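Everything on this sheet refers to the single structure shown next.
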Amino acid sequence: MMYEKPWMKLSVHFDADQTSNQLDYTFTSCDGTADPRHGPYMGSVHFQAGQHVYLEVNCCGSEKSGFTSFQILDCCIISVPQLTQIGTGIPTVYSPPSPFLQAVGATYPLQLDFVSELLPPDPLLPDLRRIRQEWKHTLDVGHTKGRWEISFVLTVRILRGDSRQPELRVFSFDPEGSIGGDTGPN
């Protein structure tokens, strides 16, 4: 996929056989600032104004468990605005409902429009079937500074061949996100 500049990619990962509901996730960006390991944005995601956010969903599963494929039934980005200003004699101000221009409110259901790809076997894990689904659209980051709690919720149907009923699973994650410089309460 060819990325427009500036860009960020959200990659989420789950194993069809895992017992937890937690998505493993990584943010990568054109300038390396998406998922900082130090500094004021440590442990959160720092977006750039005007950035295009791409999404890919990766699933793996053991062929011994019968895993053949997965289908995305819904996926939603949820953003809870945080305070940007509070104090005596000044108005309390929150960030807008979402950092993304497409979202009018705090929840944004993504269109179910993905391209699926069977990945080559990993030589170290030859029994592991790996599938990637890339979203055909982008989320566009707005230009208003702010802070949000960001959650991503994904419902999938896990397929294990014709002789077994599909399994429905829900996976999620919830880091903090920000746009712009100092966006903490004054």
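The values are calculated or read from the model by the stated rules, or taken from the named source; none is laboratory data. Keep in mind the model is a prediction, meaning the values are calculated, not measured. For neighbour counting, all protein chains shown are included, and Cβ atoms are generated from backbone atoms with ideal geometry for every residue, glycine included. Side chains are part of the model used for accessible areas, which takes the heavy atoms of the whole protein and leaves out ligands, DNA and RNA. Shrake-Rupley method; radii C 1.70, N 1.55, O 1.52, S 1.80 Å.
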Across (1) touching a Gly at 6+ places or on another chain (Cβ under 8 Å); (2) modelled with pLDDT of 95 or more; (3) among the basic types (Lys, Arg), residue 147 clears everything bar (2)
Leading residue by the ranking (nearest to residue 26 (Cα to Cα)) among those in segment 145-162 that are open to solvent by 80 Å² or more (accessible area, probe 1.4 Å) and in contact (Cβ under 8 Å) with a residue 12 or more places away in the chain: 149
Tally of residues being open to solvent by 40 Å² or more (accessible area, probe 1.4 Å) and either under 23 Å from residue 90 (Cβ atoms) or at pLDDT 95 or above (or both) across segment 170-186: 4
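If we keep just the residues of segment 47-63 that are farther than 27 Å from residue 158 by Cβ and open to solvent by 30 Å² or more (accessible area, probe 1.4 Å), which is modelled with the lowest pLDDT? Quick ask: steps written out before the conclusion?
Let us first name the residues in segment 47-63 that are farther than 27 Å from residue 158 by Cβ, namely 47-52.
Add one more test, that the residue is open to solvent by 30 Å² or more (accessible area, probe 1.4 Å), and what stays is 48-49, 52.
Working: 48: 86, 49: 89, 52: 93.
Top of the filtered list is 48.
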I'd like the residue in segment 107-127 that is at pLDDT below 95 and of a type in the set (A, V, I, L, M, F, W, C) and, out of all such residues, is surrounded by the most Cβ atoms within 10 Å (Cβ to Cβ). 125
Residues in segment 87-97: is at least one closer than 21 Å to residue 25 by Cβ and loosely packed, with under 14 Cβ neighbours inside 10 Å? no
Matching residues, segment 138-168, being in contact with a Phe, Trp or Tyr (Cβ under 8 Å, 6 or more places away or on another chain), of a type outside the set (S, T, N, Q), within 24 Å of residue 73 (Cβ to Cβ) and in a strand (DSSP E or B): 139, 152, 153, 154, 156, 157, 158, 159
Checking residue 66 against (1) open to solvent by less than 50 Å² (accessible area, probe 1.4 Å); (2) more than 20 Å from residue 141 (Cα to Cα); (3) at pLDDT 95 or above, which single condition isn't satisfied? (3)
Taking the criterion of being open to solvent by 50 Å² or more (accessible area, probe 1.4 Å) and modelled with pLDDT of 85 or more, would at least one residue in segment 29-39 satisfy it? no
Show the residue pairs meeting these rules: Cβ distance below 9 Å; 6+ apart or different chains; first residue within segment 81-101 and free of Cβ contacts under 8 Å to residues at least 12 places away in the same chain and within 24 Å of residue 140 (Cβ to Cβ); second residue open to solvent by less than 40 Å² (accessible area, probe 1.4 Å) and part of a strand (DSSP E or B). 93/84
